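Bear in mind that the values in this text are calculations on the coordinates, not laboratory data. All values reported here derive from a predicted model rather than from experimental measurement. Virtual Cβ from ideal backbone geometry, glycine too; neighbours counted across all protein chains shown.
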Amino acid sequence: MTLDTTKHAAQTPEAEQPWAELGLKQDEYERVRAILGRRPTGAELAMYSVMWSEHCSYKSSKVHLRQFGEKAPESDALLVGIGENAGVVDVGQGYAVTFKVESHNHPSYIEPYQGAATGVGGIVRDILAMGARPVAVMDPLRFGAADHPDTKRVLPGVVAGIGGYGNCLGLPNIGGEVVFDPCYQGNPLVNALCVGVMKHADIHLAKASGTGNKVILYGARTGGDGIGGVSVLASETFDTAGDSASGTGKPTKRPAVQVGDPFQEKLLIECTLEVFKEDLVEGIQDLGGAGLSCATSELASAGSGGMRVELDTVPLRDSSLSPEEILMSESQERMCAVVKPEKVDRFLEICEKWDVLATVIGEVTDGERLEIYWHGEQIVDVPPRTVAHEGPVYERPYARPAWQDALQADGADKLPRPATAEELREQVLKVIGSPNQASKSWITDQYDRFVQGNTVLAQPEDSGMVRVDEETGLGVAVATDGNGRYAKLDPYAGAQLALAESYRNVAASGAKPLAISNCLNFGSPEDPAVMWQFAEATRGLADGCLTLGTPVTGGNVSLYNQTGEVAIHPTPVVAFLGVIDDVARRTPIAFAEEGQLLYLLGDTAAELGGSAWSQVIHDHLGGLPPKVDLERERLLAEILISASRDGMVDAAHDLSDGGLIQALAESCLRGGKGARIVVPDGLDPFVLLFSESAGRAIVAVPRSEEVRFNDMCGARGLPAARIGVVDGDAIDVQGQFSIPLAELREPYEATIPGLLA
Amino acid sequence: MARVVVDVMLKPEILDPQGQAVQRALPRLGFEGIADVRQGKRFELEVEGPVDDAALARIHQIAETFLANTVIEDFSVKVEVGEGADATAGQGATAVKAES
């Protein structure tokens, strides 16, 4: 096979090229030709095709994501915004925190263990590239029906992969979610979040400037894994996965799966932090989706000049790889740094100390082109911005689906409610023991939650919390939430409910919410109905962030989560980051002291659309989700944070899916104490227990603090109803039923192991 | 009783961290001249009854669905005749490449 050099490409303008197989559309291919003024070489085609894929270019979502910047609230907290590897937030005392959530959905469906493991690895490198030490991970997960055979294939693999990779790195997994719904059958959502901590001075941005600076590739060797993963995996079918590599002239099928090596990643972390510490790098970029294509073009386009890379110097695991494959390879545990010439020796020395392979593969030039050579012959000569940032942008048509009205008209208020106290009791046990509401300990116990010794709160608490400074007790809290059922009923409100719930969760644990990252999981953008859901959800999130005064620091979009014509529920997942001055002041969810008073904060209305009750008891999805009142959420959060700081509450739990009874059950079982509940006048017991009205929390107030707490709520205008007391060893709802904790614990704890163990 | 051996190896392009760890250890222990190491798994199945085509088909199915993860691994099946003597090709031995 002759090498397809730029010279050769210029001489053979009519050569057939496999642009369609690589996922490019006709007009996109024409655009590449127009940019270059000739046909692209094979290597250039490989780069454009991966970088212009949905996954890398955000071509369908970009026009909507702009709102996150345009509607951004004034915030002093944001040190680095959208566009870098991850956003950076000021948490005080000279510390900055970076965090981000990303999807690894399709790879985790194909190969659950490695897909989920490399998802953790990828997000950890994103955080590392900002100069931060990764301190914790979280994983919001969604699977098909809990009793479906394929869930039993996918879930244990995913959980083991997350646990295996994270545990090897020594990173605590402090929370996340596990949700089951038939809509995720065949399209499980495996989102991964990482939090990192650094000092303000240590923030590093990805750019390559300074002519003559060296480009160093360090970490694992490059192999044939995951080739074309980004372009093909981000498309709607898996069947074509093997074909992508054949487009580059290789007969062998390259699997679009990568295998990770967490011990290599651990070395990469320590090595990278050390070169940062000695101030040896000008710019840095992790290699994830689109591998070297992405790293070189992004570094070059963020810098001032051009870049020249000698591709044949890249250390390979498999010497038969073609230049196209090297550019597209998604081999894990690799990073790319730009280093001043006089610092290269020291950089390499540190890499050697950590047993990390490092190679100078090129340098920053004073031109404006990214040039890549293969044994002295030029195979790529492109303006880097056209690869990395100026990809196609689509204004995809979107339209409110015709079925939306019928769905919303089919309200949950028509569903038969329990007629007797006995029936209400039965339904409580049924809901608490349903897969979505039951304890996820069987899953989270497979993760190491406490390694490093800084974990303050972890699942099943409202948020995961880690201590940042041992002296002062400064800590950060992160909660991730999303509710695809709500978002299906109303994507705008559903996205805001996810925002509100994660905000509430952070506040309930005593931390002040500062900023969000999001992972937007949707179906095919080529379906106008899905695109409408996406447009509505992003609009809802941007508007919501503006009201709450919290910026979006970055995130990730995952489209094409659908099988045939059937898309998943629109599932925007929001990760909220908060700060707490002293983790000793945190608020746990457990009711631990008998005699403490239970206050229900917020207003309860009969809102059951999309509720856990409607799903478990009636297998129903219809109507409208709970109303959103972000001003109320703000007030509630302020009360929860003040109460935590001033020691007015000993426990707090946010109310969300499953309503009050779910929160009561979790707090009672966690603390091993029961609760006596009195139904307030004018409220239906069923509504009190199962309604999912937003903007609510339940708190346990020591008797000595009752007056002060009541005064605070009264003065600020937050409805607070005393509904009971922590007492005994049963949940006793006066005039209705009593369920001993032992009886409640059984379905709550046995359901998940029963289905999956 | 006949023995059927199933060898499972990671596909050539898949990263093998274990093999790499072994390879890195070799020079440290003074063993030179090994360019690469790949580590796999070997299953020895004692088969009841004759190892006919039906039995081999069953073993192929076992390997494909359980012993190997065909997304990232290849496997081969071969029959051992007698005490540890390998069957030569043509005596019913089959080598099967997994399809991804």
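Using R₀ = 51 Å, calculate the FRET efficiency as 1/(1 + (r/R₀)^6) where r is the Cβ-Cβ separation of A:Glu278 and A:Ala160; round to 0.05.
Working from the Cβ atoms, E equals 0.85.
Could you work out the mean count of beta carbons from other protein chains within 10 Å of each residue's beta carbon in B:60-71? Can you show the working numbers first?
Values: counts 0, 0, 0, 0, 0, 0, 0, 0, 0, 6, 1, 9.
Mean number of neighbouring Cβ atoms from other chains: 1.
For A:Ala290, which sequence-distant residues (separation of 5 or more, or a different chain) have an amide H within less than 5 Å of its own amide H, given hydrogens modelled in the peptide plane?
Close amide H contacts, sequence-distant or interchain: A:Val230.
Can you tell me the 0 to 90 degree angle between the C-alpha axis of helix A:42-51 and the longest principal axis of chain A, rounded to 10?
The angle comes out near 20 degrees.
Strictly greater than 12 Å: what percent of every Cα pair in the range B:1-42 meets that?
Tail of the P(r) past 12 Å holds 65 percent of the pairs.
Using a simple spin-label model with points 7 Å from Cα along the Cα→Cβ vector, what separation in nm is obtained for A:Arg400 and A:Asp729?
5.5 nm
Roughly what % of DSSP beta bridges within chain A run antiparallel, to the nearest 5?
80 percent
Helix A:149-169: angle to the longest alpha-carbon principal axis of chain A, degrees 0 to 90, nearest 10?
The angle comes out at about 70 degrees.
In degrees from 0 to 90, rounded to the nearest 10, what is the angle of the helix A:291-302 Cα long axis to the longest principal axis of chain A?
Taking the Cα atoms of chain A, the angle to A:291-302 is about 90 degrees.
Residue by residue through B:15-22, how many Cβ atoms from other chains fall within 10 Å of the Cβ on average? Walk me through the numbers on the way to the answer.
Values: counts 16, 4, 8, 1, 0, 6, 3, 0.
Mean partner-chain Cβ count within 10 Å for B:15-22: 5.
If I histogram all Cα-Cα distances within the range A:626-757 using bins 5 Å wide from 0, what percent of pairs lands in each bin?
Percent of pairs per bin, in order: 2, 9, 18, 21, 21, 15, 9, 4, 1, 0, 0.
Specify which residue in the list A:Asn173, A:Leu189, A:Asn213 is farthest towards the positive end of the charge dipole of the range A:151-214, using unit charges on the beta carbon of Lys, Arg (+1) and Asp, Glu (-1), about the Cα centre.
Toward the positive end, the furthest listed residue is A:Asn213.
Rounded if a/c is under 1.5, else prolate if a/b beats b/c, else oblate: with a ≥ b ≥ c from the C-alpha gyration tensor eigenvalues square-rooted, which is the range A:430-506? Before the final figure, lay out each step's value.
Details: a/c = 3.40, a/b = 1.49, b/c = 2.28.
It comes out oblate by the Cα gyration axes.
Nearest 0.05, what FRET efficiency do A:Val678 and A:Ala757 give at R0 = 30 Å with Cβ-Cβ as r? Show your work: numbers first, answer last.
Details: r = 39 Å, r/R0 = 1.29.
FRET efficiency, A:Val678 to A:Ala757: 0.20.
Please go through the range B:13-66 and write out the trypsin sites (Lys or Arg not before Pro) that DSSP classes as loop and that have at most 16 other C-beta atoms within 10 Å.
Within the range B:13-66, the qualifying trypsin sites (Lys or Arg not before Pro) (loop, at most 16 other Cβ atoms within 10 Å) are B:Arg38.
Considering only DSSP states other than H, G, I, E and B, which chymotrypsin sites (Phe, Trp or Tyr not before Pro) in the range A:437-496 qualify as loop sites with at most 15 other Cβ atoms within 10 Å? Walk me through the numbers before you get to the answer.
Details: sites: A:Trp442, A:Tyr447, A:Phe450, A:Tyr486, A:Tyr492; in loops: A:Tyr447, A:Phe450.
Listed in order of number, the matching sites are A:Phe450.
Assign unit charges at the C-beta atoms only (+1 for Lys and Arg, -1 for Asp and Glu), then state the dipole size of the protein assembly as shown relative to its Cα centre in Debye, rounded to the nearest 20.
On the way: 73 positive and 122 negative charges, 167 e Å.
With only Lys, Arg, Asp and Glu charged at Cβ, the dipole is about 800 debye.
Among A:Thr359, A:Thr151, rank each residue by its count of other Cβ atoms within 10 Å, from fewest to most, as a rough exposure measure.
A:Thr359, A:Thr151
Quick one: length gained pulling A:Ser704 to A:Glu423 fully straight, 0.36 nm per residue minus the C-alpha distance? Display every interim value, and only then the final one.
Numbers: separation 281, 0.36 × 281 = 101.16 nm, distance 3.76 nm.
Here the answer is 97.4 nm.
Starting from the Cα of A:Glu270, step 7 Å along the direction of its Cβ; do the same at A:Ile35; then give the gap between the two resulting points in nm.
4.1 nm
Quick check on the exposure proxy: order A:Ile639, A:Ile350 from fewest to most C-beta atoms within 10 angstrom.
So the ranking, lowest neighbour count to highest, is A:Ile350, A:Ile639.
Counting only Cα atoms, I'd like the Rg/Rh figure for chain A, Kirkwood definition for Rh.
Over the Cα atoms of chain A, Rg/Rh equals 0.99.
Compute the length gained on full extension between A:Glu349 and A:Gln452: take 0.36 nm times their separation in residues and subtract their Cα-Cα distance, giving the result in nm to one decimal.
Going from the current span to full extension adds 34.3 nm.
Need the full-extension length gain, B:Glu48 to B:Ala25, defined as separation in residues times 0.36 nm minus the C-alpha distance. One decimal, nm.
Result: 4.2 nm gained on full extension.
State which entries of A:Lys199/A:Lys266; A:Lys214/A:Lys266; A:Lys100/A:Lys353; A:Lys152/A:Lys440 exceed 18 angstrom in Cα-Cα distance in the structure shown.
Table pairs above 18 Å Cα-Cα are A:Lys199/A:Lys266; A:Lys214/A:Lys266; A:Lys100/A:Lys353.
Quote the FRET efficiency, to the nearest 0.05, computed for A:Asp147 versus B:Thr65 with a Förster distance R0 of 22 Å and r equal to the Cβ-Cβ distance.
Working from the Cβ atoms, E equals 0.60.
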